[in-house]
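First comes the structure, then the notes that go with it.
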Amino acid sequence: MTITHKGTVVLETERLILRRFTIDDLEPVFNNCWSKPEVWQWTNYKPMKTTEDVVKTAEMFTEEWLGAYSRPNRYSWAIQLKASGDVIGRFFGMHPEDRLKQIELAYEIGPDWWNQGYMTEAVKRVLDYLFREIGFNRVYAYHAYENPASGRVMQKCGMLYEGTMRQACLCNRGIFDKVNYAILAEDYFGRQKMGKDG
């Protein structure tokens, strides 16, 4: 299967809409997610204490950042609740590699929505899109060893543990061991087939 980039299209789950960010999302995603120390500590974004920092320091929500959606290999979703319309986080497909047919996942969601299955729901939907519609062969992600909740999402979505790299994860809280997960297309479609047959 060849790679056919389609970019950040609207994806839906039972409770979520995954869509492109607009300038109007800056304040809600900052207030609901990026301003929270519990979230920020596990990212390597530059400090974001105000929405102005998001634009000027982190260089997000700029004309160039929003304009990147014109690239067919740009995968950056706002996570929006269907019920309330609140934007509660971000889902990012980084470093797409056509020759290896692989892409890295990263995601953040506000702590008010932790432990409710939202991120697992989002990851499952994005994996389906990346494998079924784009044609990736490998999707990978990692988390800091001290942030196991992120790893539980990966496990629930069928990603397999691939090893721990000592002191290779740099985030705003410090340097930690980097725990790696990935799922291959054959794993994904094998799970789908087992689900139907079972």
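The values are calculated or read from the model by the stated rules, or taken from the named source; none is laboratory data. All values reported here derive from a predicted model rather than from experimental measurement. Glycine also receives a Cβ, built like all others from the backbone with ideal geometry; neighbour counts cover every protein chain displayed. Accessible surface areas use protein heavy atoms only, side chains included; no ligands, DNA or RNA. Shrake-Rupley method; radii C 1.70, N 1.55, O 1.52, S 1.80 Å.
Can you tell me the orientation of helix 118-128 relative to the chain, as the angle in degrees between its alpha-carbon axis and the longest Cα principal axis, to the nearest 10?
50
Could you report the chain's accessible area per residue, 1.4 Å probe, as an integer in Å²?
In whole numbers, the chain has 53 Å² accessible per residue.
Within the chain, what whole-number % of the accessible surface is contributed by carbon and sulfur, with the 1.4 Å probe and all protein chains included in the calculation?
49
Rounded to the nearest 500 deg cm²/dmol, what is the calculated helix-only ellipticity per residue at 222 nm for the chain, with -39500 (n - 2.57) per DSSP H run of length n ≥ 4?
Calculated from helices alone, the mean residue ellipticity at 222 nm is -7000 deg cm²/dmol.
Can you give me the angle between helix 185-197 and the longest principal axis of the chain, using Cα atoms only, in degrees from 0 to 90, rounded to the nearest 10?
Rounded to the nearest ten degrees, it is 70.
How large is the Kirkwood hydrodynamic radius of the range 25-103, counting all unique pairs of alpha carbons, in Å?
13.8
Per the Kirkwood definition applied to all pairs of different Cα atoms, how many angstroms is the hydrodynamic radius of the range 60-120?
Radius from the Kirkwood sum: 13.3 Å.
Which shape class, rounded, prolate or oblate, goes with the range 82-149 when its Cα gyration tensor gives a ≥ b ≥ c as root eigenvalues, a/c under 1.5 marks rounded, and past that a/b bigger than b/c marks prolate?
Judged from the Cα gyration tensor, the range 82-149 comes out oblate (a/c at least 1.5, b/c at or above a/b).
Let me check against my output: what whole-number percent is the relative contact order of the range 18-103, with C-alpha pairs under 8 Å and at least 6 apart?
32
Pop a pseudo-label 7 angstrom from the Cα along the beta-carbon direction at both Asp177 and Tyr69 and give the gap in nm to one decimal.
Label at Asp177, label at Tyr69, 4.1 nm between them.
Compute the distance in nm between two label points, each set 7 Å from the Cα along the Cα-to-Cβ direction, one at His95 and one at Thr22.
3.3
What relative contact order, as a whole-number percentage, does the chain give when Cα pairs under 8 Å and 6 or more residues apart are counted?
Computed over the chain, the figure is 21 percent.
What spacing in nm lies between the two simple spin-label points modelled at Val10 and Lys46, each 7 Å away from Cα in the Cβ direction?
3.4
Taking the convex hull of the alpha carbon atoms in the chain, what volume per residue do you get, in Å³?
It comes to 123 Å³ per residue, whole-number rounded.
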